[in-house]
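Just below is one structure, and these are the notes that go with it.
The values are calculated or read from the model by the stated rules, or taken from the named source; none is laboratory data. Model, not experiment: these values are computed from the prediction. Cβ: placed from backbone, ideal geometry, glycine included. Neighbour counts: every protein chain shown. Accessible surface areas use protein heavy atoms only, side chains included; no ligands, DNA or RNA. Shrake-Rupley method; radii C 1.70, N 1.55, O 1.52, S 1.80 Å.
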Amino acid sequence: MTDGTLTAEQIITAAQDVLRRYGPAKTTVVDVARALGVSHGSVYRHFPSKAALREAVTQRWLDESHAPLMAAVRTPGPAGARLHNWLAVLFAAKRKKALDDPELFATYMVLVAESSEVIERHLADLVGQLERIIGDGVARGEFTPVDVRATARAVFDSTVRFHDPVFAPDWGKPGIERAFDAVWNLIHAGLAKR
C-alpha cells in the first residue's frame, strides 16, 4: 500500500486487527503502520495522535454494533412494539459482542473508558432514539402523556443491566431473558395509556 492511497477507514480497520492481536496496552501507532506497510507518519497524517486513532476505532465499534437500532426506530407499527424491539436489539447487540468474543470486548471496554466524549455523544444518540419512539407513542395516543425527554432517559437508565458493559458477566446467566421481560413489562405498564 502506498501512502497516497491510504484512507482513514483502512487505518481504523488495521487498528482494530492490531488491537485484537496485542490488546490496548501493547498496541502502538507503529504496530498499526507496520500492519499497513506504511510509515507511522502516514498514520499520523490521518490521526494526529494515538488517542485520536483509538477514539475513531471506538466510534466505529459503537456505530457498527448499534446500527440496527436506527432500523428499530424507523420500523412502522405501534410504539410499544417498536420500543420493546429497540431495547431487545440493544441488549442482543451488547450480549453478542460480549459473549462471542470476550477478549475483543474487553479491549473495546478499555477504549470506551478512554473516550468520554465519544461515549457521551453515543449515549445522547441512544436516548434521542428512545425519545423518538416514546414521542411517537404519546403523539398517537398509545402512551400516556409524559415528559418525553425525561421518560426516554428513565427508560434507558432502568434497562442499564441489559446494555451497560459492567453487567456483561450477567448476560450469559440463566434467567437473564426473564429479567429483561420483567423490566420491559414494568416499562410498558408505566407508559401504557390509562
State all residues of the stretch 42-63 that are aromatic (Phe, Trp, Tyr) and under 23 Å from the mean Cα position of the chain (by Cα); if no residue qualifies, say none. Phe47, Trp61
For the stretch 1-35, which positions are more than 23 Å from Ala113 (Cα to Cα), in contact (Cβ under 8 Å) with a residue 24 or more places away in the chain and open to solvent by less than 20 Å² (accessible area, probe 1.4 Å)? Leu6
Within the stretch 168-175, does at least one residue satisfy the condition of being part of a helix (DSSP H, G or I) and either of a type in the set (Lys, Arg) or without any contact (Cβ under 8 Å) to a residue 40 or more places away in the chain (or both)? yes
Looking only at the stretch 41-67, how many residues end up being assigned to a helix (DSSP H, G or I) and either surrounded by 15 or more Cβ atoms within 10 Å (Cβ to Cβ) or of a type in the set (S, T, N, Q) (or both)? 17
Residue satisfying condition, being of a type outside the set (Lys, Arg), open to solvent by 20 Å² or more (accessible area, probe 1.4 Å) and part of a helix (DSSP H, G or I), within set Leu111, Leu104: Leu104
So which pairs qualify, if the first residue must be in the stretch 135-155 and among the polar types (S, T, N, Q) and modelled with pLDDT of 95 or more, the second must be assigned to a loop (DSSP other than H, G, I, E, B) and open to solvent by 20 Å² or more (accessible area, probe 1.4 Å), the Cβ gap must be under 7 Å, and the two must be at least 6 apart or on different chains? Thr144/Lys193; Thr144/Arg194
